[in-house]
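Asks: Please find one structure pasted underneath; my questions will follow.
Every number in this text was worked out from the coordinates using simple rules, so none of it is lab data. Since the structure is predicted, the reported quantities are computational estimates derived from the model, not experimental observations. Quick reminder, even Gly has a Cβ in these numbers, built from the backbone with ideal geometry, and neighbours come from all protein chains shown.
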Amino acid sequence: MSDENQELPVFTTAADMRAWVRKQKKSGRKVALVPTMGYLHDGHLSLVKAALERADVVVASIYVNPTQFAAHEDFDVYPRNPADDRAKLKAAGAHAVFEPESLYVAVPGAGEGSNVVGRETQHPDSHETYVTVERLQKPLCGGSRPHFFRGVCTVVTKLFHICEPDVAVFGRKDYQQWRVISRMVRDLDLAVEVVGLPICREADGLAMSSRNARLSDEARQKALCISRGLKWAEAGVADGSVTSPEAVKEHVRGLIEEAGGKVDYVELLNADNLGAISDLASQPTLLAVAAHFAAKDRGTVRLIDNTVLTAPAAAAAAN
Ligand code: AMP
């Protein structure tokens, strides 16, 4: 399938995308999907690489999904560079790109972003069907972005129906998203294998993110406190010197506040089911962080990051 001189097919309609995928499947090829919002970095490309190891053809989708943004969020300023994304995907070995203009029913007079939550048109023909994962969508990002996972689950369901992948690859950078989508696939009997892959970081530890491009130089330096805090917690919990959940949260929160960041949440939850925890020894524990740092254009940039803490007792129980 890979030929360096061949153009990378780019599909902009669901019908064309589906027809291409069905042709691949008819030829006996296994299809992987890598859903993205574009402005691709090496973290996204690591997913493409992993997808190539799991399937014969890899489709990457690029779509800034309006239904997962609220009106006050960064839909309008979310970084976009589709030409550069296509070049990166071709170099990474992807076989096709799905780049829809819109995945929602077009209604008369509704412009781009009309499905941003709080900006929707009241037109009777507009989109009104959503997928929600009831409990898992509530903590962490669901607390400050109550609309978010409804939008994610809805668009991922649409992408699954259009691209009909055998396997779909996600990053654990968005840990809760990976868990929510895995649960949705299980609960709705979707015939897709969901894979969650490790976080790719810059050399200095910052988790790669399309949103990093919006950070001021100073804020980018300050934001390193997040990965530093995660590393501190990982090491301290692993060697038994840190045993208190409250101490972990306080320390990480303190580092972010000292650096001038505004904490959205610093939270510890059961890494498997995102349930509440009472100690660090009984289970692998997700330490998840979301914090705002100054943007170079306007407002702030919300960054998320996480790690799984494994205390000696939790490691022993897992073996
Ligand atoms: P996004 O374009 O931010 O919606 O991300 C698309 C996919 O790439 C999601 O599954 C993310 O979890 C994943 N991703 C984003 N950043 C990273 C990263 N630094 N390392 C690994 N995966 C990532």
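Asks: Can you tell me the Rg and the Dmax, both Å, for the Cα atoms in the stretch 10-197?
Replies: 16.0, 46
Asks: While we're looking at this one, here's another question. How long are the three semi-axes of the equivalent ellipsoid of the stretch 127-206, in whole Å, if each is the root of 5 times an eigenvalue of the C-alpha gyration tensor, listed from largest down? Could you put the intermediate results ahead of the total?
Replies: Working: eigenvalues 94, 61, 24 Å².
Over the Cα atoms of the stretch 127-206, the semi-axes work out to 22, 17, 11 Å.
Asks: If exposed GluC sites (Glu not before Pro) are those in a DSSP loop with at most 15 other Cβ within 10 Å, what is the longest stretch of the chain that has none? Provide the component values of the computation, followed by the final result.
Replies: Working: sites that count: Glu4, Glu7, Glu101, Glu112, Glu128, Glu134.
Result for the longest clean stretch: 135-319.
Asks: First measure r as the distance between the Cβ atoms of Ser278 and Ala83, then evaluate 1/(1 + (r/R0)^6) with R0 = 41 Å and state the FRET efficiency to the nearest 0.05. Could the numbers behind the result be given before it?
Replies: On the way: r = 51 Å, r/R0 = 1.24.
With R0 = 41 Å, the Cβ-Cβ based efficiency is 0.20.
Asks: List, largest first, the extents of the alpha carbons of the stretch 212-309 along their principal axes, each in whole Å.
Replies: 44, 25, 17
Asks: Right, here's the next one. For the stretch 241-286, take the convex hull of the Cα atoms, compute a quarter of its surface area, and give me that in nm², please. Intermediate values should be presented prior to the final figure.
Replies: Numbers: hull surface 14.1 nm².
Averaged projected hull area, Cα only: 3.5 nm².
Asks: Under Stokes-Einstein, with the Kirkwood radius over Cα pairs standing in for Rh, what whole-number D in µm²/s applies to the stretch 1-98 at 20 °C and 1.002 mPa s?
Replies: Working: Rh = 14.2 Å.
Value of D from the Cα-based Kirkwood radius: 151 µm²/s.
Asks: Between the stretch 238-301 and the stretch 134-203, how far is it from one alpha carbon centroid to the other, in angstrom?
Replies: After rounding, the separation between the Cα centres reads 21 Å.
Asks: While we're looking at this one, here's another question. Largest first, please: the extent of the C-alpha atoms of the chain along each principal axis, to the nearest Å.
Replies: Principal axes ranked by extent give 56, 45, 38 Å for the Cα atoms.
Asks: Less than 18 Å from a label point 7 Å out along the Cα-to-Cβ axis of Ala213: which backbone N atoms in the stretch 40-74 qualify, by residue?
Replies: 40-48, 60-66, 74
Asks: Nothing charged except the Cβ atoms of Lys and Arg (+1) and of Asp and Glu (-1): what's the magnitude of the dipole of the stretch 122-212 about its Cα centre? Round to the nearest 20 debye. If you can, show how the numbers build up before the last one.
Replies: Values: 12 positive and 11 negative charges, 91 e Å.
My answer is approximately 440 debye.
Asks: Express the relative contact order of the stretch 10-197 as a whole percentage, based on alpha carbon pairs under 8 Å and six or more residues apart in sequence.
Replies: Details: 310 pairs, mean separation 51.3, N = 188.
Relative CO of the stretch 10-197 lands at 27 percent.
Asks: Sticking with this one: Can you tell me the length gained on complete extension of the stretch Tyr265 to His161, counting 0.36 nm per residue apart and subtracting the Cα distance? Show your work: numbers first, answer last.
Replies: Working: separation 104, 0.36 × 104 = 37.44 nm, distance 3.36 nm.
Here the segment from Tyr265 to His161 would lengthen by 34.1 nm.
Asks: For the pairs Lys138/Lys173; Lys23/Lys90; Lys25/Lys158; Lys249/Lys296; Lys90/Lys222, flag any whose C-alpha to C-alpha distance is greater than 23 Å.
Replies: Values: Lys138/Lys173 18 Å; Lys23/Lys90 20 Å; Lys25/Lys158 19 Å; Lys249/Lys296 28 Å; Lys90/Lys222 34 Å.
Result: Lys249/Lys296; Lys90/Lys222 exceed 23 Å.
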